[in-house]
Structures are given as C-alpha cells and as structure tokens.
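The values are calculated or read from the model by the stated rules, or taken from the named source; none is laboratory data. Being a predicted model, the structure only gives us computed values, none of them experimental. Here Cβ is always computed from backbone atoms with ideal geometry, including for glycine, and neighbour counts include all displayed protein chains. These area figures cover heavy atoms from the full protein model, side chains too; ligands, DNA and RNA do not enter into them. Shrake-Rupley method; radii C 1.70, N 1.55, O 1.52, S 1.80 Å.
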Amino acid sequence: FWTNLAPITCGGGELQSGALSKAIDNKFGSLAKFQEIFNAKTAAVQGSGWGWLVYCPQDKGIKIMTMPNQDPVGSLGVVPLLGIDVWEHAYYLKYENRRPEYLQEIWKVVNWKNVEQRYAEATK
C-alpha cells in the first residue's frame, strides 16, 4: 500500500502516457472517468475495506474491485496494482466521516510510477 503513495513533490498524482494510461483509457474512457467509477465503488464499501485497481490475467485486462475489511484481493486470482484504504484510520483525522472527499483527494498522492511498474510486471 505505502509504495502506491508519493508526495506531490515526488511525482504523486501524475499518470504519464504509457501502457497503463492506454489501458485505463480503453477500459474506462479517461483517467477522470476511471477515478469517478473507482471512487463511487470504493465509497460504497460498507464499514472498512479497500478499493483496488487490479489486472486480471484471465481477462487480460484491468478492473476495479472492492474488498471488505482486510480480505486480500490477490486471493481471487488477480494482480493488485493500486490499493486505496477506506478504513476510517486512513482518513478520519483530516476528513472525519467524509469518505467521498478523502477519495477525491487521494489521487493527488497516488504514485502512478509504482502502479505502472506493477502493471508492466503483471502483463509480461
């Protein structure tokens, strides 16, 4: 999880053109649309859990998944690329119970270089 995050000063929030960017555009239409869908699905997690961007080897494509609590998404035969924690401890001090606001802001610190590396490894 922690490698999926980076300060803005270290490239957080910047998705460069490349294979992952193309896969997101092909699947969701745009990065903004992907984030909108991801945020909606992840905000809907009841209680604690995670939102995931995963690579599915069976489908040879990316998809969004959510998992309750600490249940591991990798046990479902997919490769985790990006995980966003929606346990209250991840956002409560700054956002209190405003999970959707937290999800809007988290994209500013997503370490897309790390996500791209994971995608490249998964699609080898």
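Here are some notes:
- 14 Å reach of a label modelled at Asn69, 7 Å along Cα-to-Cβ, counting backbone N of region 31-61: 46-50
- Here volume of the Cα convex hull per residue in Å³ was calculated from the structure, and among [x] 140; [y] 99; [z] 124 it sits at label [y].
- Sequence of Val79, Val45 when ordered by accessible area, the most exposed leading, probe 1.4 angstrom: Val79, Val45
- Spin-label model, Glu36 to Trp2: label points 7 Å out along the Cα-to-beta-carbon direction sit 3.6 nm apart.
- Rounded accessible area per residue of the chain, 1.4 Å, Å²: 57
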